[in-house]
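The values are calculated or read from the model by the stated rules, or taken from the named source; none is laboratory data. The structure displayed is predicted, hence computed values, not measured ones. Glycine gets a Cβ as well: all are built from the backbone with ideal geometry, and neighbour counts include every protein chain shown.
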Amino acid sequence: MSETTPKPPAVQRRRKILAVASGGGHWVQLRRLVPAFEGHEVVYVTINEVYKSDVPGERIYIVNDATRWDRLGSAKLALRILWILLKERPHAVVSTGAAPGCFAIIFGRLLGAKTVWLDSVANIEQMSMSGVMVKRYSQLWLTQWQHLAEADATGDGPEFAGKVF
């Protein structure tokens, strides 16, 4: 191209995003992030069949929820999340928590996906246990409370970029 020929505008590639959240507030906050996913293919993972009506026409996987005390349920959840990741091969994994998102972030990063963890706005005093567990696997590790980001003097804490209400 000559110096006078304008460069064509950069074309943004359509990427696949795996958006993962358990129920309640985690799901609500994930759904509030949808405008950020505009122009991309979004595949959802959550724990409640009822949430299918929130994303009509979109692919959604329903998985079991589990706690740290439910080893069998956690193993089943982990295997299901891994299967979804292997099937979908997303470019990025975004989660607002809890257990399903934790497994998705860990496995997603190990499989080469970009990873974003947004800790729940309900975690005012400290990061959630799932949030702490995914810290080393999250390329973008976010809190919704500025004082939690500032509290870590080492600079190794979560980032604050605002709240999702």
Check your understanding: Which one is nearest to Leu33 (Cα to Cα) among residues in the stretch 127-154 that are among the hydrophobic types (A, V, I, L, M, F, W, C) and modelled with pLDDT under 80?
Key -> Trp145
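Here's the yes/no breakdown for (1) of a type in the set (Lys, Arg); (2) in a strand (DSSP E or B); (3) within 18 Å of the chain's Cα centre (by Cα); (4) exposed (fewer than 13 other Cβ atoms within 10 Å of the Cβ):
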site	(1), (2), (3), (4)
Ser53	no, no, no, yes
Tyr61	no, yes, yes, no
Arg68	yes, no, no, yes
Ile81	no, no, yes, no
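Results for (1) more than 15 Å from the chain's Cα centre (by Cα); (2) modelled with pLDDT of 95 or more; (3) crowded, with 18+ Cβ neighbours inside 10 Å, shown as yes or no for each residue.
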residue	(1), (2), (3)
Gly39	yes, yes, no
Arg71	yes, yes, no
His91	no, yes, no
Ser95	no, yes, yes
Ala122	yes, no, no
Check your understanding: For the stretch 134-141, does any single residue satisfy the condition of being surrounded by fewer than 22 Cβ atoms within 10 Å (Cβ to Cβ) and β-branched (Val, Ile, Thr)?
Key -> no
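May I ask you to say which residue of Ser2, Ser22 is hydroxyl-bearing (Ser, Thr, Tyr) and either over 19 Å from Phe107 (Cβ atoms) or at pLDDT below 95 (or both)?
Ser2
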Revision key, fill the gap. All-but-one check, Gly157 against (1) farther than 17 Å from Leu30 by Cα; (2) touching a helix residue (DSSP H, G or I) at 6+ places or on another chain (Cβ under 7 Å); (3) part of a loop (DSSP other than H, G, I, E, B); (4) at pLDDT 80 or above, failing number (4)
